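Worksheet for the structure shown next.
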Amino acid sequence: MKKLDKRRRREGKTNYAKRLRLLKSEMPRLIVRKTNKYIIIQIIESENAKDKVIITLSTKELLKYGWPLKKSGSLKSLAAAYITGILMAKKSLNKKIKKVILDSGLIPSTKGSRVYAVVKGVSEGGLTIPVNDKILPDDEKINRYDFFEKIKNKIADVKWKNRKKITK
């Protein structure tokens, strides 16, 4: 076990001090990870340091809600992160999750970043997450696209029941 810990730390994959603090909180964690094309969001619960994924979302799912295919290169933008955060909040409220804590992993904490756009979307979607409002991105930086409000309203109208999408 010790060799594994040292290897993952040496490879820059895990910050064990940060992970231990998050596990001690005993709250579900909102995991935000960036890839070259998408932003992946997960809610994970831990029992005895064993992680169980409750919900997983990717910004790729925004294509189902009207994100233009010609703008699919912007699925890692602030707007996409924000809207996916709202979608995550809607899905997690159906699972009776009301409060989460942010786990950004090894992503540096930068004011107005995509990670905090996700956090802003999650908090405005109805989940409680402890965060300083000064670090969240401004609305004018998020609302850059002409189709933004249409997709946001479409997601706000979606109701979730037993993992199935039901629209009004």
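The values are calculated or read from the model by the stated rules, or taken from the named source; none is laboratory data. Computed from a prediction, not measured in an experiment: that's the story for all the values here. With ideal geometry, Cβ positions are generated from the backbone for all residues, glycine too; neighbour counts draw on all protein chains shown.
Among the residues in the range 39-47, are any in contact with a Lys or Arg (Cβ under 6 Å, 6 or more places away or on another chain) and crowded, with 19+ Cβ neighbours inside 10 Å? Taking every residue of the range 39-47 in turn, at least one turns out to be in contact with a Lys or Arg (Cβ under 6 Å, 6 or more places away or on another chain) and crowded, with 19+ Cβ neighbours inside 10 Å. Of the candidates Glu61, Glu45, the single residue that is among the acidic types (Asp, Glu), in a helix (DSSP H, G or I) and under 16 Å from the mean Cα position of the chain (by Cα) is Glu61.
Remark: pairs (first residue in the range 57-81, farther than 19 Å from Val122 by Cβ and touching a residue at least 24 places away in the same chain (Cβ under 8 Å); second residue part of a loop (DSSP other than H, G, I, E, B) and of a type in the set (Ser, Thr, Tyr); Cβ separation under 8 Å; 6+ apart in sequence or on different chains) = Lys71/Tyr145; Ser74/Tyr145. Looking only at residues of the range 64-85 that are among the small types (Gly, Ala, Ser) and not in a helix (DSSP H, G or I), we find that the one that is modelled with the lowest pLDDT is Gly66. Flag not set for Val53, criterion: outside any helix (DSSP H, G or I), under 22 Å from Asp133 (Cα atoms) and either aromatic (Phe, Trp, Tyr) or modelled with pLDDT of 90 or more (or both).
Filter the range 100-121 down to the residues that are of a type in the set (A, V, I, L, M, F, W, C) and assigned to a loop (DSSP other than H, G, I, E, B), then identify the one that is farthest from the chain's Cα centre (by Cα). Give the derivation first.
From the range 100-121, those of a type in the set (A, V, I, L, M, F, W, C) are 100-102, 106-107, 115, 117-119; that's our starting set.
Applying the additional criterion that residues be assigned to a loop (DSSP other than H, G, I, E, B) yields 100, 106-107.
Working: Val100: 11, Leu106: 15, Ile107: 13 Å.
Residue satisfying both the conditions and the ranking: Leu106.
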